[in-house]
Structures are given as structure tokens and as C-alpha cells.
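Scroll down for the structure; my scribbles are underneath it.
The numbers here are math on the coordinates, done by the rules we state, and not lab data. Model, not experiment: these values are computed from the prediction. All Cβ positions, glycine included, derive from the backbone under ideal geometry; neighbour counts span all protein chains shown.
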Amino acid sequence: MNVTSHTSNHNPEDGAAHESHEAVNPWDIDAPSPQLIENPIDFLFVEHNRQRQAANILHLVADGEVNEAGVKKLIDFLETDFAVHVADEELCFFPLLLQNCPPEDNIDKLIERLADEHKKDEGTVAGMTSVLESVLAGEKLSGKVSRTVRGFAEHILQHLALENAVLLPIARARLNKKSLQALSDMMKERRI
Ligand SMILES: [Fe+2]
Ligand SMILES: [Fe+2]
């Protein structure tokens, strides 16, 4: 694994540092950080940063720009790590929050909304990858398809912003060591 000193010093809460890394190549998506799975909430946070990079690429594509390596990377990300992240949340993270949060957190309504958005994403990703394949084949996007691509990018950004602003802080406050270990173990199992 190619772990540079930049990566090993990376602080997942340091959004500004991450933004500056993004600026180097707007078509890039950072490599995953499996070493962070021991700190599963940090791992989810870093995956959200990678999703932000994916949304940036979707915006470039919607603007009519093409970068073969970047679009290929985006397709791979949507079909693999993005899908696995949704499974992490649906099958491990959300159930643990529902078990551990007191009623006054009102977490059930929020989780219902986020799970509903995940369901819609599943349907959208298949269509999105075929749009991206057509871009790789040299097709120009119609105005309508561009708007769909832009809409998906905006949706990813608002979904991760809500999870970062509300869900992750609640998880940090409510999940004890045992729950965090269980979350970490379930995430590892999914990646064997
Ligand atoms: Fe989510
Ligand atoms: Fe998420």
C-alpha cells in the first residue's frame, strides 16, 4: 500500500487540509483509508470527504468537461466504495444508533429520511454509470441529462452534509466503546 507521510498525518477532522489536497487534481478521489476503520466514525467522515470529491467530478461532467481517468475512477467509486458505505450505514451504523440513542434525540425520523435517500441513490447510480460510460464513449450530454448529473451531485453533497452535521456528532456522543468496536468489526468483515 502506498502510504505517504501526507496520508499518515492526515487528520480526518481537518477539512481545510483536505480541501487543499482536492485542489491539486479536481478529477481525483483519494484512496480509501482502511487504517481508520479502528476509529469507525472517523472512517465514515473520511468516506464523506471522498464522496465530496466524487460530487465535484459529477459537477465537472455536468459542465461538459471530460477526463478519461477521472470519469473511470468515478464509475469505480460509485460501484464499489460508495455502495459499501451505504451498506455500512444501513446494516451497522443506523441500527447501532437506533439501539443507543434515547428518544429525545429523535434519531428515528432522521434515519428514516437518510435510508429513504439511500434507496433512491441505488436506483440513480445505475443510470449514472451508464451516463458516465456514454461520456467515455465520446457522447455529449443533453441539457436534461446534465441537469440530472448535477442534481445527483447536489444530492450527494446535501446528504453527507446532514450526516456530518447531525448524525456523526450524535454517534460520537452516544456510541460507547463496545458499540464502536462492533461497528468497526462489521465494517472490516464487509471488506474481507
Ligand atoms: Fe448515508
Ligand atoms: Fe454517509
Which residue, of ASP121, ASP88, is in a helix (DSSP H, G or I), surrounded by 12 or more Cβ atoms within 10 Å (Cβ to Cβ), within 11 Å of ligand 1 (Cβ to nearest atom) and touching a residue at least 60 places away in the same chain (Cβ under 8 Å)?
-> ASP88
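Among the residues of the stretch 164-192 satisfying the criterion of being part of a helix (DSSP H, G or I) and loosely packed, with under 11 Cβ neighbours inside 10 Å, which is nearest to the chain's Cα centre (by Cα)? Lay out the reasoning, then the answer.
Restricting attention to the stretch 164-192, the residues satisfying the condition of being part of a helix (DSSP H, G or I) are 164-174, 177-190.
Now restrict to residues that are loosely packed, with under 11 Cβ neighbours inside 10 Å: 165, 173, 177-178, 189.
Numbers: ALA165: 14, ALA173: 22, LYS177: 24, LYS178: 25, GLU189: 19 Å.
Going through the qualifying residues, I end up with ALA165.
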Count - residues of the stretch 134-150 that are over 16 Å from ALA55 (Cβ atoms), surrounded by 12 or more Cβ atoms within 10 Å (Cβ to Cβ) and polar (S, T, N, Q) = 1
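Can ALA115 be described as of a type in the set (A, V, I, L, M), within 16 Å of ligand 1 (Cβ to nearest atom) and surrounded by 12 or more Cβ atoms within 10 Å (Cβ to Cβ)?
Numbers: of a type in the set (A, V, I, L, M): yes; within 16 Å of ligand 1 (Cβ to nearest atom): yes; surrounded by 12 or more Cβ atoms within 10 Å (Cβ to Cβ): yes.
Considered against the rule, which asks whether it is of a type in the set (A, V, I, L, M), within 16 Å of ligand 1 (Cβ to nearest atom) and surrounded by 12 or more Cβ atoms within 10 Å (Cβ to Cβ), ALA115 comes out as yes.
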Looking at the stretch 129-145, is at least one residue in contact (Cβ under 8 Å) with a residue 40 or more places away in the chain, more than 17 Å from PHE43 (Cβ to Cβ) and within 16 Å of ligand 1 (Cβ to nearest atom)?
-> no
Identify the single condition in (1) within 30 Å of ARG172 (Cα to Cα); (2) out of contact with any Leu (no Cβ under 8 Å at 6 or more places or on another chain) that ALA54 does not satisfy, given that it satisfies every other one.
-> (2)
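Could you list, in sequence order, all residues of the stretch 25-76 that are assigned to a helix (DSSP H, G or I), of a type in the set (Asp, Glu) and either surrounded by fewer than 20 Cβ atoms within 10 Å (Cβ to Cβ) or more than 16 Å from ligand 1 (Cβ to nearest atom) (or both)? First the steps, then the outcome.
At the first step, the residues of the stretch 25-76 found to be assigned to a helix (DSSP H, G or I) are 34-38, 40-62, 68-76.
Next, only the ones that are of a type in the set (Asp, Glu) stay: 38, 42, 47, 68, 76.
Within the stretch 25-76, GLU38, ASP42, GLU68, ASP76 qualify.
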Go through the residues of the stretch 151-159 one by one and say whether even a single one is within 12 Å of ligand 1 (Cβ to nearest atom) and free of Cβ contacts under 8 Å to residues at least 12 places away in the same chain.
-> yes
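For LEU132, indicate whether it is assigned to a helix (DSSP H, G or I) and within 30 Å of ILE107 (Cα to Cα). Steps first, please.
Working: assigned to a helix (DSSP H, G or I): yes; within 30 Å of ILE107 (Cα to Cα): no.
So LEU132 does not fit the description; no.
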ALA153 vs. criteria more than 14 Å from ligand 2 (Cβ to nearest atom), closer than 21 Å to PHE45 by Cα and either of a type outside the set (Ser, Thr, Tyr) or surrounded by fewer than 19 Cβ atoms within 10 Å (Cβ to Cβ) (or both) = yes
